[in-house]
1. Subtracting the Cα-Cα distance from 0.36 nm times the residue separation, let me have the gained length for Asn199 to Arg223 in nm, one decimal.
2. Can you list residues whose amide H is under 5 Å from Met103's amide H, if they're 5+ apart or on another chain and H is modeled 1.01 Å from N?
3. For the stretch 133-214, take N as its residue count and report Rg(C-alpha) divided by 2.2 N^0.38 Å.
4. Please give the length that would be gained between Gln185 and Ala144 if that part of the chain were fully extended, namely 0.36 nm times their separation in residues minus their C-alpha to C-alpha distance (nm, one decimal).
5. If amide hydrogens are placed 1.01 Å from N in the peptide plane, which non-local residues have theirs closer than 5 Å to the one on Arg200?
6. Excluding residues fewer than 8 places away in the same chain, name every one of the lysines whose C-alpha is closer than 17 Å to that of Lys169.
7. Apply the Karplus parameterisation 6.51 cos²θ - 1.76 cosθ + 1.60, with θ equal to phi minus 60°, to every residue of the stretch 229-244 and state each ³J(HN,Hα) to the nearest whole Hz, in sequence, with x for glycine and proline.
8. Evaluate E = 1/(1 + (r/R0)^6) for Arg234 and Ala116, where r is the Cβ-Cβ distance and R0 equals 30 Å; express this FRET efficiency to the nearest 0.05.
Amino acid sequence: MFVFFLYQSFEFISAVVKMITSRLLPNVARFTIGTQASIAAGMATNTPRIKLYTNPISPPGRSVELTAKAIDLDIEVIAIDLLGNDTLKPDYLLKNPQHTIPMIDDEGKFIWDSQAINVYLTTVYGRNEDLYPNDPFVRAKVNAGLHFNSGVLFSRLKLLISPVIRGFKQILDPEKVEYFHIGLQLFEDTLHDDYYIGNRMTLADLSCVSSVSSFDAVLPISREKFPKTVDWLRRMEQLPYYNEANGNGARQLAKVVESFLK
């Protein structure tokens, strides 16, 4: 009797297993085939072609180019003619109602403001978290560096050179030069290590260097007054992609400014 019970139990269990297997395996097979098809389709699809609308003399635009190079991201750079009012054309205004550069087009997704662009590119396409760490405290400090560049360094640089480029002035206002130097002193006081935050380059460095290098190209920064800043700048200049993404544009900006001076 006991043997018969075991036999019946075995038969029941076998039937249940067969039923589960018959229903489950086709789904597993479909899942596996679907997953393989998705992977194959992904491999067959090219990396999204990101378009960057910018101009070489634009420090924010160059910070985006630096970021793209840093994360090894292929982008298509589309030159914007600032004097030709390219940013005021209807097609551009549909994409960016604030008519600013830089702007990216990531397959129909339009983003402007270099800080937002750099965070987006690093978050979506970065292969690691080095430039924009996941640690909330470190990320907060990186964000502070991004805001420091946009709110202090770049805004003061723009205040200095825009009147010249627009033809309103033929000299660099000494008060505005000093105003930038005050901001640069804040940057100097922040540098305690090799980079803006510790001994690892982040988005804060790539952002700030676009403004600092531009000022340095127009008015060389004194090593005596700002030794840590100059050392940091020379360190950033050692990046293999520095000149292509930033240095050449900074020098071009300096030539443009010089051409408007007396």
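The values are calculated or read from the model by the stated rules, or taken from the named source; none is laboratory data. Keep in mind that what you see is a predicted model, and the values were worked out from it rather than measured. Because the Cβ atoms are built from the backbone with ideal geometry, glycine has one as well, and the counts that use them run over all protein chains shown. Accessible surface is based on the protein model in full, side chains and every heavy atom, while ligands, DNA and RNA are left aside. Shrake-Rupley method; radii C 1.70, N 1.55, O 1.52, S 1.80 Å.
1. Taking Asn199 through Arg223 to full extension adds about 6.6 nm, to one decimal.
2. The answer is Tyr53.
3. 1.22
4. Length gained, Gln185 through Ala144: 13.1 nm.
5. Tyr195
6. Once the sequence-local lysines are set aside, what remains near Lys169 is Lys158, Lys255, Lys262.
7. With coefficients 6.51, -1.76 and 1.60, one gets 5, 5, 4, 4, 5, 5, 5, 5, 5, 7, 4, x, 9, 4, 5, 5 Hz.
8. E(calc), rounded to 0.05, equals 0.55.
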